[in-house]
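All of the numbers you see were taken from the coordinates with simple rules; none came from a lab. Here the structure is a predicted model, which is why all the values come from computation and not from measurement. Note: ideal-geometry Cβ built from the backbone for every residue, glycine included; neighbour counts use all protein chains shown.
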Amino acid sequence: MVYFDRILLDTPTLLVSYSSQHQLVQAQWRGRFDAASARQQCELLLAALPAAGPVHRMINDSSEAFGEWWEAGEWIGRVLAPALAAHGVRAVAWINAMDWPSRDAVASAVALAQELPIRTFDFDEAEAALAWVLDATT
């Protein structure tokens, strides 16, 4: 169990929490996304990171996301992933959506991300995702 001591961002579609103990950010995506809204929320996520303090780990929880946002996958893989690495993120555990179009978007983004290790987990594997991301950066 991880205690998140700060909320960095809370919008209707994205909640970003921070655990200073684990230097871990958790992004919880919720609701319908298209390419434009996914990219916009990613940009808000990046803008919130400097307020966190050191961030070495990230859980990107898309289990409650749905929609046709696959067109943002290339931007996420080629722009967001390097930007996360530049902020100090060393590993991302990405909890996959239940929605098949969103799962396709996640797969396309992960395939393009070369700057940091990203491992996907099914929507019911949150504990495994947390264990992996904590272990991957020690």
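Data overview
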{"quantity": "Test item: Cα-centred dipole of the chain, Lys/Arg +1 and Asp/Glu -1 on Cβ, debye", "calculated": "400"}
{"quantity": "In sequence order, calculated HN-Hα J values of the range 38-50 (Karplus, 6.51, -1.76, 1.60; Hz; x Gly/Pro)", "calculated": "4, 5, 4, 5, 4, 5, 5, 4, 4, 5, 7, 4, x"}
{"quantity": "Compactness relative to 2.2 N^0.38 Å, alpha carbon Rg of the range 90-138", "calculated": "1.13"}
{"quantity": "Pair-distance profile P(r), taking every C-alpha pair of the range 17-86, with 5 angstrom steps and integer %", "calculated": "4, 15, 28, 25, 17, 9, 2, 0"}
{"quantity": "Point-to-point label distance, THR11-ALA131, nm (Cα→Cβ direction, 7 Å offset)", "calculated": "3.4"}
{"quantity": "Contour excess over end-to-end distance, with Cα ends at GLU115 and ALA51 and 0.36 nm allotted per residue", "calculated": "20.8 nm"}
{"quantity": "Separation of the ALA83 and ASP122 label points, Cα + 7 Å toward Cβ, nm", "calculated": "3.2"}
{"quantity": "Size of the range 6-136 as Cα extents on the principal axes (Å, biggest first)", "calculated": "35, 27, 26"}
{"quantity": "Added length on full extension, which subtracts the Cα-Cα distance from 0.36 nm per residue, GLN21 to GLU74", "calculated": "15.9 nm"}
